[in-house]
Amino acid sequence: MRRMRLKAALFALVFAAPTLLAQNQTIRIHADSVLDGTGKVLRNATVVVRGSKITSIETGNSTNATYNLGQLTILPGMIDVHAHIGWHFDRDGRYAARPGTPAQEILSSAENAYVTLLAGFTTIQSPGQSNDVELREAIARGVFPGPRLLTSIRQLNERSGTPDEIRQKVRQLKTDGADVVKIFASASIRDGGKQTMTDDQLQAACGEANAQGLRTMVHAHSPESIRASVNAGCQQIEHGVFATDDVLKLMADKGVYFDPNVGVVLQNYLKNRDKYNGIGNYNDEGFAYMEKGLAINAAMMKKAVATPNLKMVLGTDAVAGAHGHNADEIVERVRQGGQKPMDAIISATSLAAQSLRLDKTIGTLAEGYEADLIAVDGDPLTDITAVTRVAFVMKGGNVYKHVSPATTRANR
Ligand SMILES: [Zn+2]
């Protein structure tokens with residue numbers, strides 16, 4: 001039985017491969033249920049794709065579907081706005097804190113990109129390292145499999161200099177092709193999460209980014225660091241473990257995106273403790289902070305979900321050990337914070353696309369959008385864990401995965 005399933009899965013993958021070359025054929029993907037990413041549910045629907053784009057969505061029975069996915073649920077390819085695609089464990093099994101050879105580094109990023117794509121994430125934003133640029137371009141050429149990649153290339157922090165020097169660094173990031181500016185406004189949770197950059201430094205970073213038309217994402221844990229970042233005109237706050245009702249409301253009022261990370265990152269560190277412990281601030285004290293962080297995160301998440309009009313986007317802060325498990329964040333936001341499954345799905349699709357300023361091209365299933373779509377085993381509106389059982393992945397009209405639902409369950 002297992003053998004049969006494996007054979008079926010292999011057949012599906014081999015069978016799928018020619019579509020990489022069949023860019024101008026029409027592909028019809030049918031399922032009993034389609035979520036469009038903006039909150040709409042279509043029953044008995046067919047997504048019609050030509051080349052890299054969706055040309056229409058039809059409802060009613062389909063007798064000529066290229067892929068009849070039956071009881072699977074189709075949704076837009078998921079988006080993770082915060083995944084450290086280069087982080088990996090070394091050949092000794094330990095976290096690779098120092099760079100290895102360029103070949104080891106880029107191959108690790110490539111492996112992570114591939115498993116992330118197969119987990120249903122067709123776009124990710126990496127808060128950045130320099131070889132992201134080569135990876136981004138290799139994936140964009142359309143042959144090497146991976147999610148669409150956006151990167152900050154580097155980061156700014158309290159050691160980035162005077163406000164003038166910071167403004168110069170932001171301009172250099174733009175010249176170097178950064179998609180976003182990553183800013184550290186506070187210490188790590190392992191060091192207590194207090195504000196580290198001055199208000200002047202934050203205003204220089206986000207002010208210049210705004211002047212250059214660059215987006216910003218800010219690592220901030222303490223309420224002070226969140227408030228200072230929002231007041232400096234920054235667009236997105238990451239983590240926010242110690243966010244209070246006040247700063248959650250401030251973000252909502254100012255239309256600042258919030259990306260809490262409650263389902264993957266700390267759980268992954270604790271699960272892989274032996275692989276990190278003893279490196280930098282991954283020490284007993286740091287792990288004690290992270291253990292406490294689980295409950296603090298859960299309480300914060302409840303408050304965030306209860307904050308009206310807060311634009312919460314899906315990001316995981318995936319590091320070594322977490323790649324391919326990105327969808328656990330969606331499950332945990334629903335489980336811990338009581339977020340409605342549909343809202344959690346929107347946060348990982350159309351709203352995440354909006355935060356990336358890509359909402360006219362990805363994150364929604366509609367005519368004219370990129371054909372980035374996945375199918376999951378089950379109905380995520382009644383069982384959110386369905387988002388972790390990805391049976392079908394198409395990106396830009398190419399099929400990268402097509403396995404039987406039984407395979408998705410066996411692989412969990
Ligand atoms: Zn991060």
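The values are calculated or read from the model by the stated rules, or taken from the named source; none is laboratory data. Given the structure is predicted, the values throughout are model-derived calculations rather than measurements. Cβ: placed from backbone, ideal geometry, glycine included. Neighbour counts: every protein chain shown. Just the protein is used for accessible areas: all its heavy atoms, side chains included, with ligands, DNA and RNA removed. Shrake-Rupley method; radii C 1.70, N 1.55, O 1.52, S 1.80 Å.
Observations
- Out of Ser126, Ser152, Ser160, Ser186, sole residue that is within 15 Å of the ligand (Cβ to nearest atom) and either of a type in the set (Lys, Arg) or farther than 22 Å from Leu356 by Cβ (or both): Ser186
- Of all the listed residues (Asn24, Asn44, Asn68), the sole one being modelled with pLDDT under 95 and either β-branched (Val, Ile, Thr) or surrounded by fewer than 17 Cβ atoms within 10 Å (Cβ to Cβ) (or both) is Asn24.
- Total residues in region 244-265 satisfying the condition of being outside any helix (DSSP H, G or I), within 16 Å of the ligand (Cβ to nearest atom) and open to solvent by less than 20 Å² (accessible area, probe 1.4 Å): the figure is 7.
- In region 269-297, the residues that are closer than 19 Å to Gly93 by Cα and of a type in the set (S, T, N, Q): Asn272, Asn277, Asn281, Asn283
- Hits in region 288-305 (condition: touching a residue at least 60 places away in the same chain (Cβ under 8 Å) and open to solvent by less than 10 Å² (accessible area, probe 1.4 Å)): Met290, Gly293, Met300, Ala304
- Residues that are assigned to a loop (DSSP other than H, G, I, E, B), within 14 Å of the chain's Cα centre (by Cα) and surrounded by fewer than 24 Cβ atoms within 10 Å (Cβ to Cβ) were ranked within region 318-355; the one that is farthest from the ligand (Cβ to nearest atom) is Gly324.
- Residue identified as modelled with pLDDT of 95 or more, over 29 Å from Ala299 (Cβ atoms) and among the acidic types (Asp, Glu) among Glu238, Glu208: Glu208
- When Glu367 is tested against (1) under 21 Å from Leu149 (Cα atoms); (2) open to solvent by 40 Å² or more (accessible area, probe 1.4 Å); (3) assigned to a loop (DSSP other than H, G, I, E, B), only condition (1) is not met.
- Which listed residue is in a helix (DSSP H, G or I), within 16 Å of the ligand (Cβ to nearest atom), more than 26 Å from Lys340 (Cα to Cα) and small (Gly, Ala, Ser), from Gly293, Gly286: Gly286
- In the condition set (1) assigned to a helix (DSSP H, G or I); (2) open to solvent by 50 Å² or more (accessible area, probe 1.4 Å), Pro308 is compliant with all but (1).
- Inter-residue pairs, beta-carbon under 6 Å, first among the charged types (D, E, K, R) and in region 350-362, second surrounded by 24 or more Cβ atoms within 10 Å (Cβ to Cβ), 6+ apart: Asp359/Ala353
- Only one of the numbered conditions (1) out of contact with any strand residue (DSSP E or B) (no Cβ under 6 Å at 6 or more places or on another chain); (2) more than 19 Å from Asp199 (Cβ to Cβ); (3) hydrophobic (A, V, I, L, M, F, W, C) is not met by Ile279, and that is (1).
- Residues within region 97-122 that are open to solvent by 10 Å² or more (accessible area, probe 1.4 Å), part of a loop (DSSP other than H, G, I, E, B) and away from the ligand (no atom under 16 Å from the Cβ), tallied: 5
- Failed criterion for Gln125 (all others in (1) surrounded by 19 or more Cβ atoms within 10 Å (Cβ to Cβ); (2) out of contact with any strand residue (DSSP E or B) (no Cβ under 6 Å at 6 or more places or on another chain); (3) in contact (Cβ under 8 Å) with a residue 40 or more places away in the chain hold): (2)
- Subset of region 129-149 (residues that are modelled with pLDDT of 95 or more, open to solvent by 20 Å² or more (accessible area, probe 1.4 Å) and either within 16 Å of the ligand (Cβ to nearest atom) or in contact with a Gly (Cβ under 7 Å, 6 or more places away or on another chain) (or both)): Val133
- Candidate set from region 208-221 (those that are within 16 Å of the ligand (Cβ to nearest atom) and not aliphatic (A, V, I, L, M)); member that is surrounded by the fewest Cβ atoms within 10 Å (Cβ to Cβ): Arg215
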